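Comments concern the structure below.
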Amino acid sequence: MALAAPAVSAYWEKSRAPRYSLLFALPLFLLYEALAAALSGAPGTAGVRNAADVVLKTPFLIFSGTRGSLAFFATVVAVCIYFVARDLTRSKDKLKPRLFLLMLGESAVLGLLLGIVVGTITARLLGGLGALAAQTATLDQMGTGTKLMLALGAGLYEELLFRVLLVGGLALGLRRLFGARKLHAGIIAAVVGALVFSAFHYIGAYGDPLELGSFTYRAIAGLVFSGMYLVRGFGITAWTHALYDVYVMVL
């Protein structure tokens, strides 16, 4: 038992570090982009993308035109390489493949628990989840490949947009500009991020009809993801979100 605590502590710290967190998230990025490219010409799937993907790529498309997606891809890979290389240099640590397997196992378990926890809380608050059943209607019309693409895209791009940029940026701004304590800044950023994250699902041609049940469910899920990001980092949060969506949308 004396040896277990330091090992758990080391895993907890290293799995949050960029050298593990970013590399762990990289396969999600590559798989999503590969599926999006493969399905781009398939009937009924042209133009179907994760909405957060569209938001993040729009500036690149505006300034780079048809090469915008390629510019975005290159930028993400370059940023990832930079932060991983810098972290490896500072830590002087060798990557351990076993750690990535542990991170995947943690994400798989958290993804399963997420639906149970969020669903139970929403049911307690609203007295049922009947409103959520209607959300699967549009999914039933999509192929398995499209569902998988959207699930992976949600895990990657929604966490990048809402947790890294929105929650992380807001928490940093509150601390730097207003002198807020780390805990207070994190709580405020998590709540704001959760509400924006939930509202985002009702925008656009593929947005769901606005209903109290689904909005509450997603707001609670967003709050859980925000807390998870602040505590466990980007990689595990992205994979947890992606695997949860795979459970719901594909399996």
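The values are calculated or read from the model by the stated rules, or taken from the named source; none is laboratory data. Model, not experiment: these values are computed from the prediction. Don't worry about glycine lacking a Cβ; one is built from the backbone with ideal geometry, like all the others, and counts go over all protein chains shown.
Does at least one position in the stretch 42-49 carry a residue that is surrounded by 12 or more Cβ atoms within 10 Å (Cβ to Cβ), basic (Lys, Arg) and at pLDDT below 90?
Yes, there is a match, as at least one residue in the stretch 42-49 is surrounded by 12 or more Cβ atoms within 10 Å (Cβ to Cβ), basic (Lys, Arg) and at pLDDT below 90.
Identify, by number, the condition in (1) more than 16 Å from the chain's Cα centre (by Cα); (2) modelled with pLDDT of 85 or more that PHE29 doesn't meet.
(1)
When the stretch 200-225 is examined, which residues are found to be among the small types (Gly, Ala, Ser) and either within 16 Å of the chain's Cα centre (by Cα) or more than 21 Å from LEU126 (Cβ to Cβ) (or both)?
Passing the criteria: GLY204, ALA205, ALA219, ALA221, GLY222.
Determine the pairs where a residue that is without any contact (Cβ under 8 Å) to a residue 60 or more places away in the chain and within 20 Å of LEU160 (Cα to Cα), located within the stretch 50-69, has a partner that is assigned to a helix (DSSP H, G or I) and of a type in the set (A, V, I, L, M) with Cβ atoms under 7 Å apart, the partner being 6 or more residues away or on another chain.
Cβ pairs passing all conditions: PHE60/ALA71; GLY68/LEU61.
Search the stretch 82-109 for residues that are touching a residue at least 12 places away in the same chain (Cβ under 8 Å) and part of a helix (DSSP H, G or I) and pair each with any residue that is surrounded by fewer than 16 Cβ atoms within 10 Å (Cβ to Cβ) and of a type in the set (Asp, Glu) when their beta-carbon atoms are under 6 Å apart and the residues are at least 6 apart or on different chains.
none
With (1) modelled with pLDDT of 90 or more; (2) assigned to a helix (DSSP H, G or I); (3) under 20 Å from SER91 (Cα atoms) as the list, and ALA7 as the residue in question, which single condition is left unmet?
In the conditions (1) modelled with pLDDT of 90 or more; (2) assigned to a helix (DSSP H, G or I); (3) under 20 Å from SER91 (Cα atoms), ALA7 misses (1) alone.
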